[in-house]
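None of the figures in this text is laboratory data; all of them are computed from the coordinates on show. The shown structure was predicted, so the numbers you read here are calculated from the model rather than taken from an experiment. Cβ sites come from the backbone with ideal geometry, for glycine too, and all protein chains shown count toward neighbours.
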Amino acid sequence: MPASPRLTVIGTGYLGATHAICMAVLGFEVLGVDVDTDKIEKLSSGEVPFFEPGLPELLTKALESGRLRFTTSFAEAGAFGDVHFVCVGTPQRADSEAADLTYVDAAVTSLAPHLDRRTLVVGKSTVPVGTAARLAALLRSLAPAGDEVELAWNPEFLREGFAVDDTMRPDRLVFGVTSEWAEQRLRAAFQPVLAQDVPVKVTDLQTAELVKVAANSFLATKISYINAMAEVCEATGADVHDLAEALAYDERIGGRFLRPGLGFGGGCLPKDIRAFAHRAEELGVGQAVGFLREIDGINRRRRARTVDLVVELCDGDVAGKRIAALGAAFKPNSDDIRDAPALDVAATLHRMGADVVVFDPAAMENARRVHPELAYATSALDAARDADVVVLLTEWNEFRDIEPAAMAAVVRRAKIVDGRHALVPAHWRAAGWEYRALGRPSLHGTGHA
Ligand code: UDX
């Protein structure tokens, strides 16, 4: 076996494509595997099928190095790889809150028959605790090499928009293993990353599976906590923005993930907390994480409350009113609209009879596909033309940079809902705008942000 293991990455979606590209750039021979021929063709020709800053350049570099190739053949993957990373999606099931493990199971059952020598298979997908042990047994039973095939778990914590950095320089690596050999193989498969003194936590399989959902649950809890405080602020006239800043000075609390507003969305946090609550119930410990249902509820209420604010600014009825929706992606620097709070709010306003015009710097194509009923503009100013209310739904930097006076000149009525606490209220009020944000008094004394 070579000193540097040859890697396959099964599943070339967001996580897998990023992992394959970064590992090839770091010097490994990598084979990306997917059942989707369209994705494989795009990646092979140098096209990243989603928006991620920095990744297209790295894909070009990796392809030019000759160290990265893509295939749809599991036989080729089995023959090529020493370490196989499973990076397929685990979406929420259509019929329940549980994670859908169809793709993980399919990846393992397709690969296993081609494993005829000592091999390590590494799960990276987010799965319900207990899945790894089941997959390990499945692998052993299906692989010609039997017990020589081991399974490890290496959860992935990358954030969209920062995927390259998070992969090249993660906060930590978690290696869930059942043998010393597996640990050493994983260390070899991450050698260039480990060389940067990235801490490694070696655990058993089930702890590694849990780290991921525990981390995402904590992050979701932090966001919903401050949004719960926003609800209390609204009832008292207090200002959640100032409250969050004051809390953040306490190093034990910290300011990150304490930004109030429209709440969390995306392909991970919402479905992960639901799947975790569901799994805990199956295990008979549902009560221990019952609070996650509350976290989800607080998060959903933020969307409804944002709609309410827009209605309020439209004097109680949005029917026939023109609403400029700034943002569609679930967060900035992403074109991902999965469970996007922004589009949820825009679509709800449309259903209530408003004439909604959306602009997003990256997610227009995806938004149009899923919400063809909405109107789309070519810029923020274009969206705001003749608007009765402007509502900021995704905190792209270019929205922060909008000149309030320039936008005031094109709207019908200068009223703005800042759904992400991204703007400086004093600037907007000075330019004649009625500024509103969740959890902030309607007329802020000093107007500072
Ligand atoms: C998340 C985790 O951060 C990452 O570690 C995991 O691997 C996948 O899930 P991601 O979905 O890319 O990553 O988005 P993240 O940056 O975590 O933001 C999640 C959502 O929370 C966004 O909708 C964002 O707008 C919202 N958010 C974030 C807030 O509302 N307030 C905050 O303070 C922070």
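Couple of notes before you dig in:
- Think of the chain as having a plus end and a minus end, set by charges on the Cβ of Lys, Arg, Asp and Glu; of S110, L158, T18, L158 sits farthest toward the positive end of this dipole.
- Dipole magnitude of the range 217-436, debye to nearest 20 (Cβ charges: Lys/Arg +1, Asp/Glu -1, about Cα centre): 280 debye
- Shape analysis of the range 89-230 places it in the oblate category; the axes a ≥ b ≥ c from the Cα gyration tensor give an a/c of at least 1.5, with a/b not above b/c.
- Rg to Rh quotient for the chain, alpha carbon positions, Kirkwood Rh: 1.01
- Distant-in-sequence amide contacts of V200, defined by a placed amide H-H separation under 5 Å and a gap of 5 or more residues or a different chain, comprise L173.
- Reach of K42 by Cα under 18 Å, taken over lysines that are not fewer than 8 positions away in the same chain: K61
- The range 50-122, dipole about Cα centre (Lys/Arg Cβ +1, Asp/Glu Cβ -1), debye to the nearest 20: 320 debye
- Highest mean packing first, where packing is the average number of other Cβ atoms within 10 Å per residue, the peptides 233-240, 266-273 line up as 266-273, 233-240.
- Rounded Å value of the spacing that divides the Cα centres of the range 275-305 and the range 356-382: 32 Å
- By the beta-carbon count within 10 Å of each Cβ, the least crowded to most crowded order of L142, L443, L7, fewest first, is L443, L142, L7.
- Nearest-ten-degree value, helix 102-111 long axis tilted from longest Cα axis of the chain: 20 degrees
- Across the chain, C-alpha contacts under 8 Å between residues 6 or more apart give a mean separation that, scaled by the residue count, equals a relative contact order of 11 percent.
- Loop chymotrypsin sites (Phe, Trp or Tyr not before Pro), the range 13-80 (other Cβ atoms within 10 Å of the site Cβ: 13 or fewer; DSSP): none
- Between E57 and N397, the contour length at 0.36 nm per residue exceeds the alpha carbon distance by 120.2 nm.
- Peptides 393-402, 56-65 ordered by average Cβ neighbours within 10 Å, highest first: 393-402, 56-65
- Subset of K39/K124; K212/K271; K271/K415 violating a 22 Å alpha-carbon distance limit: K271/K415
- Gyration tensor (alpha-carbon) shape descriptor, the range 96-151, a/c threshold 1.5: prolate
- Using only Cα coordinates, the Kirkwood hydrodynamic radius of the range 234-273 works out to 11.9 Å.
- Each listed q (0.12, 0.13, 0.20 Å⁻¹) maps to a log10 I(q)/I(0) for the range 293-449 from the Debye sum over equal C-alpha point scatterers, namely -0.44, -0.53, -1.32.
- Largest GNM mean-square fluctuation across R172, R369, R140, computed for the chain with C-alpha springs under 10 Å, falls on R369.
- In degrees, nearest ten, helix 55-65 long axis to first principal axis of the chain (Cα): 30 degrees
- Aspartates and glutamates whose Cα lies under 16 Å from that of K331, excluding same-chain neighbours fewer than 8 positions away: E52, E160, D339, D344, D360, E365, E395, E398, D418
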